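None of the figures in this text is laboratory data; all of them are computed from the coordinates on show. Keep in mind the model is a prediction, meaning the values are calculated, not measured. Glycine also receives a Cβ, built like all others from the backbone with ideal geometry; neighbour counts cover every protein chain displayed.
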Amino acid sequence: MQYISTRGGMQPASFSDILIGGLAPDGGLVIPEAYPRVSGRELNEWRQSSYRELAHAIISRFVTDIPPADLRRLIDKTYTAKIFRSADITPVKPLLDGVWLLGLSNGPTLAFKDIAMQLLGNLFEYVLARSGDYLNILGATSGDTGSSAEYAMLGKRNIQIFMLSPYQKMSPFQTAQMFSLQEPNIFNIAIRGVFDDCQDIVKAVSNDADFKARYHIGTVNSINWARVVAQVVYYFKGYLAVTQDSSQEVSFAVPSGNFGNICAGHIARQMGLPIRRLILATNENNVLDEFFRTGVYRVRPAEQVVKTSSPSMDISKASNFERFIYDAVDRDPAVVRELWRQVDEQGYFDLAATDYFRTIGRFGFVSGSSSHRDRMETIRRIYRETGAIVDTHTADGLKVGLEYREQGVPLICQETALPAKFEESIEAALGRRPDRPPGYDDIEQHSQRFVVMEADAAAVKDYITRLGQV
């Protein structure tokens, strides 16, 4: 398996070569030269597989330069009942008639990001040990990515992590998860601005080739291909859990901000998984919903990004969206380069009048958006009808997913975080706080360590220069 850039300016490279780098050298995103295909026979053979067995069967098709025994060991080390509080790793539970909840939030930070990030930490450590190299990770988070990355990198040899987050725009629980970590290889930087400012800084630093090479800058954001690959697995897991044979179709409802999670679903579908619909749900920051309805991808300026009660989706620049657009424009890097030139220069591109958009239905995407009132009502409905408490992001996915529910087609809604991470919203909706898993009772009271900076890439570079590994 070789990897290329969505913008066409990178020679084909192996998985290990692109694992740490994040952006491709030409500013694009790495993507396989071709997606591996899975047959119906293989799907049926996987029905009795454990999560680890399924993960190895799928990930090994994308990772062909790590010895199979080593890859198996890394996967087995990652997906354990001790780390994910369930031998099933991603349990699937019936919720409503024909509706299932795919539990992705059993990891150490109670969010779906753990599933990919825990594997990424082990892959990073393995590749660095093999090369004798080190890594300064630079990331950006709107809430869940940061804590997942930091917990995945705790104690990892030859790795330091610098995580940017929007100052005072995460939930108290999310903030405490990150800022209470005292390990010497963890550095939290609170940026005065919104998530997009943080993400812009990461991209600016990554695009400085000299600085990136000198300080061995890597990334754990959802632009990292290994994260997307790891997320592909649970689409297969969810499908196999609710079907009896490979002739059946399912639909997935996915809350989406940066397009990484649902991009994994797109890849699973391209591999041959019988997904009828990929139902994309946004909150009030509905850039992606606008595209799938109109063909216009319009980035919002920072001052127009709305602070909502599903804060991990308060994003207007969906980094992984470029991977999907690459497929949507028939894998033509010249078209991708032109579209992102338009985004850089005028803030949007418009495919509405093109054949690309007229035929976009072949990829199975539909979309919708959810408001604060919608998610509060959804939380109340689910609690009233099932006794289950869902978090605000999962509620966004359920709200839109139920609008697209089809008779006879199982609907799998992704639970993207536990409600304990967003207690204030749950209390507002239900008049009670959700239960917390053991060990998280007083996390907000722990001592916190972080620095506050303006949205300035030069200042972040200086900080890395002073404190990063060299």
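Taking a straight Cα-Cα cut-off under 22 Å and skipping sequence neighbours fewer than 8 places away in the same chain, the lysines within cross-link reach of K307 are K113, K169, K317, K399, K421. Computed from the Kirkwood radius of its Cα pairs, the Stokes-Einstein diffusion coefficient for the chain at 10 °C and 1.306 mPa s stands at 72 µm²/s.
Once the dipole of the chain is set up with Lys and Arg at +1 and Asp and Glu at -1 on Cβ about the Cα centre, which of V242, C413, I279 lies farthest towards its positive end? Result: V242. Each Lys and Arg Cβ is given +1 and each Asp and Glu Cβ -1; about its Cα centre, the chain then shows a dipole of about 720 debye.
Taken over the C-alpha atoms, the stretch 1-120 has Rg and Dmax values of 16.7, 49 angstrom.
Sort K421, K93 so that the residue with the fewest other Cβ atoms within 10 Å of its own Cβ comes first and the one with the most comes last.
K93, K421
Only Lys, Arg, Asp and Glu carry charge here, each on its Cβ (+1 for the first two, -1 for the last two); on that basis the stretch 333-430 has a dipole of about 260 debye about its Cα centre.
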